[in-house]
1. For the range B:330-346, indicate whether the set of residues that are more than 21 Å from residue B:280 (Cα to Cα), crowded, with 18+ Cβ neighbours inside 10 Å and within 14 Å of chain A (Cβ to nearest Cβ) is non-empty.
2. Looking only at the range B:426-442, filter to residues that are within 7 Å of another protein chain (Cβ to nearest Cβ) and touching a strand residue (DSSP E or B) at 6+ places or on another chain (Cβ under 8 Å); which one of those is farthest from residue B:360 (Cα to Cα)?
3. For the range A:218-247, name all the residues that are in contact (Cβ under 8 Å) with a residue 24 or more places away in the chain and more than 14 Å from chain B (Cβ to nearest Cβ).
4. In the range B:229-253, how many are within 12 Å of chain A (Cβ to nearest Cβ), closer than 18 Å to residue B:298 by Cα and buried (at least 19 other Cβ atoms within 10 Å of the Cβ)?
5. With (1) in contact with a helix residue (DSSP H, G or I) (Cβ under 7 Å, 6 or more places away or on another chain); (2) touching a residue at least 12 places away in the same chain (Cβ under 8 Å); (3) closer than 27 Å to residue A:339 by Cβ as the list, and residue A:146 as the residue in question, which single condition is left unmet?
6. Please go through the range A:299-343 and pick out each residue that is in a helix (DSSP H, G or I) and either over 15 Å from residue A:284 (Cα atoms) or touching a helix residue (DSSP H, G or I) at 6+ places or on another chain (Cβ under 8 Å) (or both).
7. Only residues that are in contact with a helix residue (DSSP H, G or I) (Cβ under 8 Å, 6 or more places away or on another chain), farther than 28 Å from residue B:348 by Cα and assigned to a loop (DSSP other than H, G, I, E, B): list them for the range B:43-76, please.
């Protein structure tokens, strides 16, 4: 495993590499391809934290836990609620902030505040030729030049190795509460979640779990305001059901975020991004033997399918994309991890890869053949 | 501001290009008479003008595809244009270009409240997108101050912001999908009603690419339910330092206002003289707006008032009703008009870390004396986006050049303070040659490599964003190919 100690060191290693490199942070997200391992775990440290400007800057290998602990001292947080993949994938290691950004990892609050890519202010990276590049900065509004920040975010190490990230953060709310609607089927759940998300009551989580047909709606903020909005939300949905308060609500959303319901169950795990109102039909097409959990108001379907199932083939044509998050080696060899793109888009993606990594040594084959 | 000389080979082809365009467009969609093309000679950066060779006004994605395919095969540069409200010269023509205006493409294609999206043709104006969903109490969040006139196409090209982006983000955070036509006429679909990219985030790089990667003809935008209410509070302070500190303390206290606007003394004086909003005469004025339910507003304003009072305000005024809220905003909203009444002005757009505010304002004051030009500052304080307005006299020889030199020094100061050249207006031609102060040669090369993929011949809006000397080798190849 190559473990560069700083950005220049990393640049030299990439320049000197003669064969494919498997780029990773803590290696917890199950995206490895074949090749020589290269980890950013040696590039650590928070270089700037300005609570009054809602800004944090950290080197890529900084553990997510360290970033979150530092933000907690200012009563702030990563509002996009990045998932911890370890329970679901059974991986060990330490999740890094660079890994979160490289995979654009977001959790339930994405529906209300945006994804990791929406909180990115700037980054530094080393491209496939060993050139150090920066883009964006540390300020919240910046349209100077092309936005390579968003291009690199979610590029899974295929365009460059991210060395430092600059993120917008948000204050922690005073409290949270979750309304639980039991006994709903998927169609009823989508209807309730759409009504809640289309209300002025600032819902920051809208999920549905198959067990018990529970639909969960989260509110956060100052205590009085949460209480008031919860009352209005219950009126809107004509729901006199249970409300989880404080820690109980927090624990529920942590489990939803990490999809722990599928952790111990055998089978492949897929993550399917859809138009929320399409979800009932798409779930039906997934067919027998597939369990689902919905997030993002129905816009994100987590599916547990029998090993080797080509879920994309079962769904057929749809507006969205399906990612194979967990599978054995045989399935991974047979099915692409990422949704195949339309020809014109695939040509642009391939063109960008050829520009950023002309030798094709950064995670080759991970995002496209 | 230098622009590349027109390509004589392209100019010589005008008649043929017009004829080919008339094959695919109705007669009234092709403008090639010199008297009529003049209407498109500039955008809102009116100091620079150049009539284009031809103007086309398509009404559909298919027509845009035909136009680009023809221009591509004839080697004609294309400058896309929304409503022409760019303050950075983003839609400034060259004499050998075709202006592709999307103003006639303004249909609403789909409104979907259940999925909280609207799909529009991109010539539609920003405010009329919100207007299309107002009956159900929804709105489109990004609100640039030109929102009455500016088009979604331009908003996407410049990744436009607005006063409320501290809470709602800018265009890139509210854009979910596009239909885009590449320079060779290929139509590409990206994103849609679902969230996030399945592969590389191409939508993210298209947003803010200043019309250099493709022509966006349709857009899927996120719409939001309007909050129950909003209320502003006004506070005045004796120093910029204290006002800056108040902003920082409010944010650290866990309150997230939707807007925090800052005005300095010259700006307060000009606005007061113009709009008579009853502003206190002091060094720094803050307008802070919070929104939500009545309980939420009361709670947040309570915290803000307590913080404000601790810092010895000259004035602290909370709006009690819509009328008072209107008066609080009146001066701020007429700032640009107030400046225009005094003199010609140039509006800058640099962003700085909020903590550098007192230092940057002090340096701008010193430079104002050195250059002999007055400057007033309005500022989106929550996100660090400054708008210094430099006053000059366009009829006085040398004044414009002095103003531009002063502006360049202010923007370099923003970069030196840890910020950037432009927060929401874009680079265009205005800040093109300053890019080397923010980026290394390698940084710029990486950006230009993206254009090489989308527009290998460098025909789309080619003389913008990058310093001319830096983009010259690529543009020379395009010229030589003719």
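The values are calculated or read from the model by the stated rules, or taken from the named source; none is laboratory data. Keep in mind that what you see is a predicted model, and the values were worked out from it rather than measured. Here Cβ is always computed from backbone atoms with ideal geometry, including for glycine, and neighbour counts include all displayed protein chains.
1. Looking for residues that are more than 21 Å from residue B:280 (Cα to Cα), crowded, with 18+ Cβ neighbours inside 10 Å and within 14 Å of chain A (Cβ to nearest Cβ), one finds none in the range B:330-346, hence no.
2. Taking the range B:426-442 as the starting set, the residues that turn out to be within 7 Å of another protein chain (Cβ to nearest Cβ) are B:426-427, B:435, B:438-439, B:442.
If we keep only those that are touching a strand residue (DSSP E or B) at 6+ places or on another chain (Cβ under 8 Å) too, we end up with B:438-439, B:442.
Details: B:438: 17, B:439: 21, B:442: 28 Å.
Only one residue fits best here, namely B:442.
3. Of everything in the range A:218-247, those that are in contact (Cβ under 8 Å) with a residue 24 or more places away in the chain and more than 14 Å from chain B (Cβ to nearest Cβ) turn out to be A:218, A:234, A:237, A:239, A:241, A:242, A:243, A:244, A:245, A:246.
4. Adding up the residues that qualify gives 2.
5. For residue A:146, the failing item is (2).
6. Quick first cut of the range A:299-343, residues in a helix (DSSP H, G or I) only: A:311-315, A:329-334, A:343.
Of everything in the range A:299-343, those that are in a helix (DSSP H, G or I) and either over 15 Å from residue A:284 (Cα atoms) or touching a helix residue (DSSP H, G or I) at 6+ places or on another chain (Cβ under 8 Å) (or both) turn out to be A:311, A:314, A:315, A:329, A:330, A:331, A:332, A:333, A:334, A:343.
7. To start, the set of residues in the range B:43-76 that are in contact with a helix residue (DSSP H, G or I) (Cβ under 8 Å, 6 or more places away or on another chain) comprises B:47, B:51-59, B:63, B:66-67, B:70-71, B:74-76.
Right, trim to farther than 28 Å from residue B:348 by Cα and you get B:53-59, B:63, B:66-67, B:70-71, B:74-76.
Across the range B:43-76, the qualifying residues are B:53, B:57, B:58, B:59, B:75, B:76.
Okay, residues lined up against (1) surrounded by 22 or more Cβ atoms within 10 Å (Cβ to Cβ); (2) closer than 27 Å to residue B:387 by Cβ:
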site	(1), (2)
B:34	no, no
B:56	yes, no
B:79	yes, yes
B:88	yes, yes
B:105	yes, no
